[in-house]
Amino acid sequence: MNTIQSDFTTLIDELAFNIRQVVEIQQGFVPLHIPVIGGNANKYVAECIDTGWVSSVGKFVDRFEKDLAEFTGANRAVAVVNGTSALHVALLLSDVRPNDEILVPSLTFVATTNAIMYCNAVPHFVDINRETLGIDPDAIREYLHEITEIRNGECINRETGRRIQCLVGMHTFGHCFDIQDTLELCQEFGISLVEDAAESIGSYFQNRHTGTFGRLGIFSFNGNKTITTGGGGAIVTNDDGLADLAKHLTTTGKVNHPFRYFHDQVAFNYRMPNLNAALGCSQLEDLPSLLASKRQIANRYIETFSDWEYGSIFVEPPDSKSNYWLNALLLSDSSGDLLDQIIEGLQEKQIMTRPVWDPIHTLPAYTQMPRMNLDVTTELSKRILNLPSTPSVV
Ligand SMILES: *Cc1c(COP(=O)(O)O)cnc(C)c1O
């Protein structure tokens, strides 16, 4: 065995040992992230089944919306089938029209940009900040000054002639992007902000919950997120009118009436079933303890890797509190080779780790879309390794 090979074996052994210590799973498979379901989950879900209220009507949907609004401090929450549909409707309600350009980070899950495409709008990729892993308002400001002009109060891309209407910010792995600066940027250019807070339930910027800063924010409750409804999502807003419209658009546009089926527009069947909302109600009850457990895991990772020579754990940005949904190890090596080797090496030891998403501007459907310089995105995408982050059962 040559030296490099034996060094690498030691590296993987060390990594495997450290990860198992942190997540307290000494043997067997260590998943990246699995749902932790306990508390009243059985009771609430059984209640749906026993009473027959499993589908589009039932008390748990109303309760989930109320509880979620209360937890996040948003005026209103509207529960829907998944985070992607929440984004789709949030964009429509932000007045995104066909052919508008929507600023969006390339380092995100593909759902963010797919929702833009559903509106027949054009994703326009912007770079991220290495301190937050989210959109970089300073770099975007400089870029917009270069390529846009304000015509009749609208921000127009001079190169394409299209309106830049909206900025979708995403809180990567639960870490907050700089919301304060972003709001100022949006104000300056007359652009609306939609927060893709799919990953950031329980994350706060300056003590205010993510998702509640823009006109509209969205969450996902897919099985891999911090809390789950099986599949599900929600739109949050402080604007009652927008919330009513969101409810209307996601429930087939039916006009309230004791028995008639009158639908005033082509709308969507995006409502969250009662069965899923029942699970969501119990998950919201468990959320504070799940968050505490996640913070503990993050702190242990941070300490364990504090003077590791190949990289360090990404720590929550200043002025904010992260939910530490998925812990990220930032490797010092930026070739991407070490990343792949570590994932394979740990897989053999039954430990699941994952790279971050391929940047969206490199996916076939998106290579032709406009973009600014994406150097930080490109570099970091080859250095991020997500580590097992399931909260221990509480
Ligand atoms: C999970 C996720 C979504 C989509 O949520 P689904 O519920 O899976 O549709 C959107 N954006 C981001 C950043 C996500 O991580």
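Hey, can you tell me all the residues within segment 183-212 that are of a type in the set (Asp, Glu) and assigned to a loop (DSSP other than H, G, I, E, B)? Outline the logic, then answer.
Quick first cut of segment 183-212, residues of a type in the set (Asp, Glu) only: 184, 188, 195-196, 199.
If the condition is that a residue be of a type in the set (Asp, Glu) and assigned to a loop (DSSP other than H, G, I, E, B), then Glu199 is the only one that fits.
Hey, any hits in segment 310-329 for a residue that's part of a loop (DSSP other than H, G, I, E, B) and within 14 Å of Phe8 (Cα to Cα)?
So the first thing to find is which residues in segment 310-329 are part of a loop (DSSP other than H, G, I, E, B), and the list is 310, 314-319, 322-326.
In the following step, the residues that additionally are within 14 Å of Phe8 (Cα to Cα) were identified as 310.
Yes, segment 310-329 contains a residue that is part of a loop (DSSP other than H, G, I, E, B) and within 14 Å of Phe8 (Cα to Cα).
Residues are listed down the side, and each one gets a yes or a no for (1) in contact (Cβ under 8 Å) with a residue 40 or more places away in the chain; (2) buried (at least 23 other Cβ atoms within 10 Å of the Cβ); (3) within 16 Å of the ligand (Cβ to nearest atom):
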| residue | (1), (2), (3) |
| --- | --- |
| Ser85 | yes, yes, yes |
| Arg97 | yes, no, no |
| Arg130 | yes, no, no |
| Arg141 | yes, no, no |
| Glu149 | no, no, no |
| Arg162 | yes, no, no |
| Gly169 | yes, yes, yes |
| His175 | yes, yes, yes |
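Pairs under 7 Å by beta carbon, first residue open to solvent by 20 Å² or more (accessible area, probe 1.4 Å) and of a type in the set (Ser, Thr, Tyr) in segment 196-208, partner more than 11 Å from the ligand (Cβ to nearest atom) and in a loop (DSSP other than H, G, I, E, B), six or more apart or different chains?
Once the first residue is open to solvent by 20 Å² or more (accessible area, probe 1.4 Å) and of a type in the set (Ser, Thr, Tyr) and sits in segment 196-208, its partners that are more than 11 Å from the ligand (Cβ to nearest atom) and in a loop (DSSP other than H, G, I, E, B) give Tyr204/Thr210.
Name the pairs whose Cβ atoms lie under 8 Å apart, with the first residue in segment 32-55 and on the phi < 0 side of the Ramachandran plot and touching a residue at least 60 places away in the same chain (Cβ under 8 Å), the second surrounded by 14 or more Cβ atoms within 10 Å (Cβ to Cβ) and of a type in the set (Lys, Arg), and 6 or more positions between them or separate chains?
Leu32/Arg354; Trp53/Lys59
Need the failing condition index for Ala278 against (1) among the small types (Gly, Ala, Ser); (2) touching a strand residue (DSSP E or B) at 6+ places or on another chain (Cβ under 7 Å); (3) within 30 Å of Tyr118 (Cβ to Cβ), just the number.
Going through (1) among the small types (Gly, Ala, Ser); (2) touching a strand residue (DSSP E or B) at 6+ places or on another chain (Cβ under 7 Å); (3) within 30 Å of Tyr118 (Cβ to Cβ) one by one, Ala278 breaks only (2).
Have a look at Ile235, Ile179, Ile191 and point out the one that is farther than 16 Å from Asp136 by Cβ and either open to solvent by less than 10 Å² (accessible area, probe 1.4 Å) or away from the ligand (no atom under 16 Å from the Cβ) (or both).
Details: Ile179 fails: farther than 16 Å from Asp136 by Cβ; Ile191 fails: farther than 16 Å from Asp136 by Cβ.
So the residue among Ile235, Ile179, Ile191 that is farther than 16 Å from Asp136 by Cβ and either open to solvent by less than 10 Å² (accessible area, probe 1.4 Å) or away from the ligand (no atom under 16 Å from the Cβ) (or both) is Ile235.
Kindly indicate whether any position in segment 261-271 is surrounded by fewer than 20 Cβ atoms within 10 Å (Cβ to Cβ) and among the basic types (Lys, Arg).
Scanning segment 261-271 turns up no residue that is surrounded by fewer than 20 Cβ atoms within 10 Å (Cβ to Cβ) and among the basic types (Lys, Arg).
Being open to solvent by less than 40 Å² (accessible area, probe 1.4 Å) and more than 17 Å from the chain's Cα centre (by Cα) is true for just one of Ala121, Ala111. Which residue is that?
On the way: Ala111 fails: more than 17 Å from the chain's Cα centre (by Cα).
Unique residue meeting the criteria: Ala121.
With closer than 30 Å to Asp127 by Cα, within 16 Å of the ligand (Cβ to nearest atom) and among the hydroxyl-bearing types (Ser, Thr, Tyr) as the only criterion, which of Thr108, Thr72 stands out? Can you show your working first?
Values: Thr72 fails: within 16 Å of the ligand (Cβ to nearest atom).
Answer to the selection: Thr108.
With respect to Ser192, is the statement that it is in contact with a strand residue (DSSP E or B) (Cβ under 7 Å, 6 or more places away or on another chain) and under 26 Å from Cys119 (Cα atoms) true?
Numbers: in contact with a strand residue (DSSP E or B) (Cβ under 7 Å, 6 or more places away or on another chain): yes; under 26 Å from Cys119 (Cα atoms): yes.
Yes: the conditions hold for Ser192.
Count, please, the residues in segment 34-85 that happen to be farther than 21 Å from Arg215 by Cβ and of a type in the set (Asp, Glu).
4
Assuming Lys294 fulfils every condition listed in (1) open to solvent by 10 Å² or more (accessible area, probe 1.4 Å); (2) modelled with pLDDT of 95 or more apart from one, which condition is it?
(1)
Considering each residue of segment 212-226, count those that are under 23 Å from Ile37 (Cβ atoms) and crowded, with 24+ Cβ neighbours inside 10 Å, and give that number.
Looking only at segment 212-226, we keep the residues that are under 23 Å from Ile37 (Cβ atoms), and these are 218-226.
After this cut, where a residue has to be crowded, with 24+ Cβ neighbours inside 10 Å as well, the list is 218-221, 225-226.
Going through segment 212-226 one residue at a time, the tally reaches 6.
The values are calculated or read from the model by the stated rules, or taken from the named source; none is laboratory data. Computed from a prediction, not measured in an experiment: that's the story for all the values here. No Cβ is skipped: glycine too gets one built from the backbone with ideal geometry, and neighbour counts run over all protein chains shown. Quick note on the areas: whole protein, heavy atoms, side chains included, nothing else; ligands and nucleic acids left out. Shrake-Rupley method; radii C 1.70, N 1.55, O 1.52, S 1.80 Å.
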